[in-house]
Amino acid sequence: MKRHRQSLFEPLTWRRGLIYALAFPASLLAALVFMYGVAAYKMGYHWSEMDWDGSGHTSIGEFLHSRDVGNRIVQQGGRLCAEFYEMSNGRRIRLSCPTS
């Protein structure tokens with residue numbers, strides 16, 4: 001008897017079921033991280049500007065968080081400054097004023 005080639009329409013075995021059960025959520029998570037990354041990249045911030053906690057380096061979490069950060073020009077003490085704020089609640093994250 002000739003053995004036929006396996007396909008996706010074979011009866012579901014426990015091994016194939018486990019692969020499907022793990023591959024589907026992993027692919028959804030990868031797609032979500034990719035979409036967050038694209039949204040963060042399109043915000044237009046430079047990598048050094050995304051250091052929201054002031055630690056001196058930008059982490060992947062801060063990069064992904066930058067999709068929820070807006071900026072606006074405010075006047076502080078007679079100078080024009082850039083204010084970075086959370087778009088969800090308007091809370092200020094950082095105020096960047098020119099030194100000169």
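The values are calculated or read from the model by the stated rules, or taken from the named source; none is laboratory data. From a predicted model like this one, the values you see are computed outputs, not experimental measurements. Methodologically, a virtual Cβ is constructed for each residue, glycine included, from the backbone with ideal geometry; neighbour enumeration extends over all protein chains shown.
Are there any pairs with C-beta distances below 9 angstrom linking a residue in region 37-51 that is of a type in the set (Lys, Arg) to a residue that is in a helix (DSSP H, G or I) and at pLDDT 85 or above, with the two at least 6 apart or on different chains, and if so which?
Lys42/Arg67
Among the residues of region 42-56, what is the count of those that are touching a Ser or Thr at 6+ places or on another chain (Cβ under 9 Å) and either of a type in the set (A, V, I, L, M) or farther than 11 Å from Phe84 by Cβ (or both)?
Qualifying residue count for the region: 5.
Considering region 52-76 alone, what residues qualify as being farther than 17 Å from Arg91 by Cβ, over 13 Å from the mean Cα position of the chain (by Cα) and in contact (Cβ under 8 Å) with a residue 12 or more places away in the chain?
The answer is none; no residue qualifies.
Which residue pairs have Cβ atoms under 6 Å apart, sit 6 or more places apart or on different chains, and have a first residue in region 79-100 that is over 15 Å from Ser48 (Cα atoms) and a second that is in a loop (DSSP other than H, G, I, E, B) and modelled with pLDDT under 90?
Correct list of pairs: Arg79/Cys97; Cys81/Cys97.
Exactly one of these conditions fails for Gly70: (1) surrounded by 10 or more Cβ atoms within 10 Å (Cβ to Cβ); (2) in a loop (DSSP other than H, G, I, E, B); (3) at pLDDT 90 or above; (4) not aromatic (Phe, Trp, Tyr). Give me its number.
For Gly70, the failing item is (2).
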